[in-house]
Amino acid sequence: MEQFFDRQTIIPLFGMLIPIIAILLPIGIIWLVLHYRNRRNDALYETVKHLADKGLPVPPELLDPPLAKNDRESPLFRAITLLGVGIGLGLMFWFLDLKFLVGIGALLLCIGIAQIIALMIERRRGDAA
């Protein structure tokens, strides 16, 4: 029994288990998400079936729930966040003397600027129509 717990057998065992777990963990997470989504859909269909059996109308919000208006999902919020992250990364790399990486921050900054310009153009088109 002691031969299973010495270093020469445990280290190779962990060496084999780590890649197996690394492969199986994402599969398990995806399975859990799909499983609970399927359970939620089954409960929704049971509710619709129950309402239909009783002759009650099925509210359209039950089948197609309205999207909550969240300020964090707005395009302007995302663009300003990209501007902030770009500036922050650029400054961080500059002050850490990693000046060759400042371009990463500049890239995010340019994407944020482009999104704000696109929003302004889209808003002007909406006002003209």
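The values are calculated or read from the model by the stated rules, or taken from the named source; none is laboratory data. Given the structure is predicted, the values throughout are model-derived calculations rather than measurements. Glycine also receives a Cβ, built like all others from the backbone with ideal geometry; neighbour counts cover every protein chain displayed. Each accessible area value is taken on the protein alone, full model and side chains, heavy atoms only, with ligands, DNA and RNA left out. Shrake-Rupley method; radii C 1.70, N 1.55, O 1.52, S 1.80 Å.
General observations
- In plain terms, the bigger the Kirkwood radius, the slower the diffusion; for region 34-129, with that radius from Cα pairs, at 4 °C and 1.567 mPa s, Stokes-Einstein puts D at 73 µm²/s.
- Computed with a 1.4 Å probe over protein heavy atoms only, the accessible surface of the chain comes to 87 Å² per residue.
- Percent carbon-and-sulfur accessible area, region 19-129, ignoring ligands, DNA and RNA, probe 1.4 Å: 69 percent
- What you get for the chain, charging only the Cβ of Lys and Arg (+1) and of Asp and Glu (-1), is a dipole of about 340 debye around the Cα centre.
- The 3J(HN,Hα) values that the Karplus relation (6.51, -1.76, 1.60; θ = phi - 60°) gives for region 25-31 are, in residue order, 4, x, 5, x, 5, 4, 4 Hz. Gly and Pro appear as x.
- In percent, rounded to a whole number, the relative contact order of the chain is 17, using alpha-carbon pairs under 8 Å and six or more apart.
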